[in-house]
Every structure is written in C-alpha cells, then in structure tokens.
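K.L.:
Submitted below is the structure of interest, expressed as structure tokens.
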Amino acid sequence: GGHGPRPPHTCPQRRLGARERRDMQREILAVLGLPGRPRPRAQPAAARQPASAPLFMLDLYHAMTDDDDGGPPQAHLGRADLVMSFVNMVERDRTLGYQEPHWKEFHFDLTQIPAGEAVTAAEFRIYKEPSTHPLNTTLHISMFEVVQEHSNRESDLFFLDLQTLRSGDEGWLVLDITAASDRWLLNHHKDLGLRLYVETADGHSMDPGLAGLLGRQAPRSRQPFMVTFFRASQSPVRAPR
Amino acid sequence: AARPLKRRQPKKTNELPHPNKLPGIFDDGHGSRGREVCRRHELYVSFRDLGWLDWVIAPQGYSAYYCEGECAFPLDSCMNATNHAILQSLVHLMKPDVVPKACCAPTKLSATSVLYYDSSNNVILRKHRNMVVKACGCH
C-alpha cells in the first residue's frame, strides 16, 4: 500500500543517468539511516507463504500509519521509532522420555541490532493451539533468559515473565522479555537464548508441545518470533557527503 | 514610506516598478511578477521507481511535498510568516540588492513509516521523523 494516491504527472520528466540514480539512492538511504541497500535473500518457492513475523509487522505498520492520521495508539508503538522482528534460528527441546522438567529453548541472532538505540519493550510471541492434555486445566507458562550455559550442570537462568491460561485457550501468547534487553545490548555478538517452561496448576512440568505451543515445525504463519521496540537515544549523525 | 503620496500619471515607459512600491497589495494572490505565493506543492517519492520493492515492503512511495512560491510584501496570514520574515521583507523593499526576500520553507513536518527487510531477512518497521511537509511558510 502507499501513503495516498500517486499524483498524476503534470510536467515532462527527465530520465536519470545511472550515476545520478546511484547518487540519489545513496542520499535517500543516508536519510533513512541505512549504510547501504539491504539485499534480502530470495525465499524458496515453498517458503513464500506468509510468515508470522512479516504478517505481524505489516499489522503494526498499518497501526502506525493509522496512528499518524489520529487513530488509536497501539501499545509500545507510540514511544518507538524502530521495531525489529527476529525469527528464531535454533530451537531445542527437552521433552524426550519422562525426564523433568520439560522445556523448549529458542535462540535469536541479535547481530543486526543497531547501535545507539534504547529498547523500550521486547516481546516473545508464540502461538497456542487448544490442548486436551490435560483437559480444561490451568497452565502456568514461564519464560527465562539463558544467561550462562555450563557443560556439567544446569544453565544459569534469569526469570522474565509468567502467563497463566487455560489448556483449551487458542491464539498468540505474548511474553514480556524486556528485562533481557540490558544484557543483550551489551552482548550483540551473543545469541539470545530464551527457555520456556509449562507447569500445570498442581506444579507438574509439562511438554510445551503437548500444551499446544507451536515451534519451528508449525505452519509459517504460526511460527514463534520476537519483536523489539527501540527508540533512538540520540539524533542520528548524518554522514558527510 | 511615511511621506504623503502624490498622485502622478503613470509613465508610458517600460521602466521596472520602483523598489519602494509595495507590490501585492492589489494583487490577486500572486506575487509581483505573477509568481504564486508561498505554498505547499505535490512531490511523490516512489520506492518503485528507485527499484527498491525487493526490500521495501510498504509503502510503495509517499507524498513528501515541497514548498515553493514568493514571499513578497504584504505577507498575508495564509503565508504563516514569522515576524522576522515580515521585517526582512520590508527591508528588502528598501534595499532589494542587499537583503533578499524571505524564503518559502517548511514550517511543519511529520513522520513517515517504512516497513522493509534487512539483509538477514528480519522485518523492520522504522518511523522517520521530519519526512513530510505538513505546512509551508515564509521564514
């Protein structure tokens, strides 16, 4: 979609030369705060069905442009001037056998996070299908950041958020992971590891898959992802021409 | 300008108007030489024409607008003139070769949002401030 209709041509246009066009593109990219033109990898044909993160971001874009026209403000959106979505790169499970506690771990590549931006909010979004194991019970879903991994003992974890819902609930579950941002801004080079636990009301650990939480194997429109809201902590310095 | 005006027959020559003449008082909204007064004009920036639709998801382009037109005395209310611009316009009438007219420039700008893929195929939504002219005025 565009911001309003394109106006009709009312005067003769001059075609740009290749060099002029490159110079103009470079100037516009500088205004947009980009060092160069992004070159996203072409998606294979099988992967061209809409994915969860781009669909969510498109909704956010429409909310932001509606907000510019005086519409209702969205949570986190008003204060943010940059929103990034991250698709989880690696997913690990400890759900084999009856070994408890069960958990699901998600890893994200944070190398693209821009410098000089402050995180105002961060969310992990995971889709939950209705579950019948066990039927109609309360589930506690907790999220932790993996702070340090050890070869001989359990990883060090930092608690981020807890949500309580019913096993029959369906929809996107949003977990607040803003508290992890201080550490990841200091360690851009490190992957962010998030670990998710599910417990029943009587305190038993449960396989997140059995609870209906979908991972990387889900249809593309229901795969988990992370969204981070940034606000520029200072005005960007324009590069000298 | 405080001297009493004398009624004189207009000369039948091709002389340019006296610099102290107050142009525009009886004009129909146009500047002294028929130019339009300072106002906002259409300017569309097309990401499609830039060949960027492989990484820009939305919008395909946006109306940025630009300001153009004459800031000639008298600067009426629609020209959003600053006090400084009014005084500069008056001094320009006295010394047109020394002091230029006030400039037609944006007085109010708004943001625009762009949704795009980065090189890692992450989707990014960025709000860029001061990208769209909302109003023009004489500065």
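K.L.:
Show me the three semi-axes of the equivalent ellipsoid for segment A:109-210, from the C-alpha gyration tensor (sqrt of 5 times each eigenvalue), largest first, rounded to whole Å.
P.N.:
29, 17, 10
K.L.:
Note down the nm distance, to one decimal, between modelled labels 7 Å out along Cα→Cβ at A:Glu100 and at B:Lys134.
P.N.:
With each label placed 7 Å out from Cα toward Cβ, I get 5.8 nm.
K.L.:
Also, I was wondering about something else. Of the peptides B:73-81, A:152-160, how do they stack up when ordered by the mean number of other Cβ atoms within 10 Å, highest first?
P.N.:
Descending mean neighbour count gives B:73-81, A:152-160.
K.L.:
Moving to a separate point now. FRET efficiency for A:Arg153 and A:Arg37, Cβ-Cβ distance as r, R0 = 41 Å, nearest 0.05?
P.N.:
0.30
K.L.:
Next question. Would you mind computing, in nm to one decimal, how far apart the modelled labels at A:Ile28 and A:Asp202 are, each placed 7 Å from Cα along Cα→Cβ?
P.N.:
Using points 7 Å along Cα→Cβ, the separation is 6.4 nm.
K.L.:
Give me the number: length gained by fully extending A:Leu135 to A:Asp93, i.e. 0.36 nm times residue separation minus the C-alpha to C-alpha distance, one decimal in nm.
P.N.:
12.8 nm
K.L.:
Per residue of B:44-52, what is the mean number of Cβ atoms on other protein chains within 10 angstrom of that residue's Cβ?
P.N.:
Shielding by partners across B:44-52 averages 4.
K.L.:
When 1/r is averaged over all different Cα pairs and the result inverted, which Kirkwood radius in Å belongs to segment B:78-139?
P.N.:
14.3
K.L.:
Turning to a different aspect of this structure: Given a Förster radius of 25 Å and the C-beta distance between A:Gln49 and B:Leu53 as r, what FRET efficiency does 1/(1 + (r/R0)^6) yield to the nearest 0.05?
P.N.:
0.80
Every number in this text was worked out from the coordinates using simple rules, so none of it is lab data. As the structure is a prediction and not an experimental result, all values here were calculated from the model. Methodologically, a virtual Cβ is constructed for each residue, glycine included, from the backbone with ideal geometry; neighbour enumeration extends over all protein chains shown.
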